[in-house]
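One structure is given here, and the rest of the page talks about it.
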Amino acid sequence: MAQTGSLMSIELDTTLQPTQDQFAYWRSGFAYVLGMTAERDEPSEAPFDFKLKHCRTPALTLNRFTCASPCSFDWSNKTRVADDLNLIGVHYRSDGDDVAGAYEGDIQPTKAGDIRSFDFERPFWYSHRGLSAYSMYLNRTRLTNDVPAGMSLHGFVFKESPLTSILKDTIQTVSSAMQRADDDEILVMFEALYQLTVDAITIQKVRDLNSDAIHDQSVVQAVNHYIERHYGDPDLSVEMIGKAVGVSRTKLYRIFQNLDSPQSIIRGVRLKKAAKALREGHGQNIDRLAYQVGFSHRQTFSRMFQREYGMTPTEYRNETSDLRINAELNDLELDAVWQSFKQSVSLTGNSLPVSEN
């Protein structure tokens, strides 16, 4: 287990235990903490292959796990160990179908490719012959405030849509990227994953009204998320985006006819990312920066940047660098004044004044 600040990660592998202890180790550890019971037909001392990677942040918890051994999981009021699990689970089954399953009596076996949510305050169970999956645990209070009022999230199945497809890809991408990301990057990725999950739930709720306008909104959301993830690819095109979100080029242009075009959105995102890098002092090499944000040629990048910001990237970098240095000097001067003031108060024996507002 590793814990730094607001981030905690755990890896678990039952196969590292003696064979006769593997099932008991998992059942009395991970399953017990969540309040689940686990049963299987094989003897308890038979091998049990379960692997888990767990990472928790304030935004959500993300688990990547595989269970190669057939078994069943049961969560109910009788099995609950903790009464304070204020959680909604979102389960993405990447491989393996349920043999059977139910959410508070409603028979709903999960199949490979499904995403469904479940409420830890309500019962559910499922059995399988082997699976690979991702599970996110989200704070119930925050989530219910962020999605449409009155939604029941227990047993809720995410229907196939462009946004659901991107959610699946993002879950897998974030899980893989954790291996090489630092703590700050993980916090940012998890918050983005939370917001994407909220968008997918919200869009589906309104899509159930069977409205073309709502479907178009789902496509727009999906396009924006896709561009945010792939703006650095110089080959990013309308055709590539349309294929990713599941609509034709013609339909994509129709949906965006009263909005900024996809090309404008790509260009806008690239220029904003470049400007941010320049403001933060990360754009010392303009050629490299242009390539990093998705432009194939510096000349095109500089022309587009000047049209958007009224100055060249180099001029923008120098101007914002001066502002940043001045701000840092002001901070240092204020700190020096404050330290001098505290020292003078200490020498005179007076106490610091307290402001009463």
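The values are calculated or read from the model by the stated rules, or taken from the named source; none is laboratory data. Quick caveat, the model's predicted, so the values are computed rather than measured. Here Cβ is always computed from backbone atoms with ideal geometry, including for glycine, and neighbour counts include all displayed protein chains.
Tell me the residue from Arg288, Arg307 that is assigned to a helix (DSSP H, G or I), farther than 17 Å from Asp233 by Cα and not aromatic (Phe, Trp, Tyr), please.
Details: Arg288 fails: farther than 17 Å from Asp233 by Cα.
Going through Arg288, Arg307 in turn, just one is assigned to a helix (DSSP H, G or I), farther than 17 Å from Asp233 by Cα and not aromatic (Phe, Trp, Tyr): Arg307.
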Would you pick out the residues in segment 136-158 that are in a loop (DSSP other than H, G, I, E, B) and in contact with a Ser or Thr (Cβ under 9 Å, 6 or more places away or on another chain)?
Val147, Pro148, Met151, Leu153, His154, Gly155, Phe156, Phe158
Is there any pair linking a residue in segment 131-147 that is without any contact (Cβ under 8 Å) to a residue 24 or more places away in the chain to one that is buried (at least 17 other Cβ atoms within 10 Å of the Cβ) and among the aromatic types (Phe, Trp, Tyr), with Cβ under 9 Å and at least six apart or on different chains, and which?
Arg142/Tyr194
Segment 16-57, residues that are closer than 21 Å to Ser135 by Cα, of a type outside the set (Phe, Trp, Tyr) and modelled with pLDDT of 80 or more
Arg27, Ala38, Glu39, Asp49, Lys51, Leu52, Lys53, His54, Cys55, Arg56, Thr57
Give segment 58-86 a look and list any residue that's modelled with pLDDT of 90 or more and under 20 Å from Ile186 (Cα atoms), or say none.
Leu60, Thr61, Leu62, Asn63, Arg64, Phe65
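Being over 30 Å from Tyr291 (Cα atoms) and either surrounded by fewer than 19 Cβ atoms within 10 Å (Cβ to Cβ) or not assigned by TED's automatic domain parsing to the domain that holds Arg116 (or both) is true for just one of Gln217, Gln204, Gln172, Gln179. Which residue is that?
Values: Gln204 fails: either surrounded by fewer than 19 Cβ atoms within 10 Å (Cβ to Cβ) or not assigned by TED's automatic domain parsing to the domain that holds Arg116 (or both); Gln172 fails: over 30 Å from Tyr291 (Cα atoms); Gln179 fails: over 30 Å from Tyr291 (Cα atoms).
Going through Gln217, Gln204, Gln172, Gln179 in turn, just one is over 30 Å from Tyr291 (Cα atoms) and either surrounded by fewer than 19 Cβ atoms within 10 Å (Cβ to Cβ) or not assigned by TED's automatic domain parsing to the domain that holds Arg116 (or both): Gln217.
For segment 235-253, enumerate the residues that are part of a loop (DSSP other than H, G, I, E, B), surrounded by 13 or more Cβ atoms within 10 Å (Cβ to Cβ) and not hydroxyl-bearing (Ser, Thr, Tyr). It would help to see each step written out before you state the result.
Narrowing segment 235-253 to residues part of a loop (DSSP other than H, G, I, E, B): 235-237, 246-248.
Now restrict to residues that are surrounded by 13 or more Cβ atoms within 10 Å (Cβ to Cβ): 236-237, 246-247.
Leu236, Gly246, Val247, listed by residue number.
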Go through segment 39-53 and count every residue that is over 8 Å from Ser69 (Cβ atoms), in contact with a Phe, Trp or Tyr (Cβ under 6 Å, 6 or more places away or on another chain) and surrounded by 14 or more Cβ atoms within 10 Å (Cβ to Cβ).
1
Of the residues that make up segment 277-293, is at least one among the basic types (Lys, Arg), under 25 Å from Leu163 (Cβ atoms) and either surrounded by fewer than 20 Cβ atoms within 10 Å (Cβ to Cβ) or not assigned by TED's automatic domain parsing to the domain that holds Leu163 (or both)?
no
If I filter segment 259-271 for residues that are without any contact (Cβ under 8 Å) to a residue 12 or more places away in the chain, charged (D, E, K, R) and assigned to a helix (DSSP H, G or I), do I get at least one hit?
no
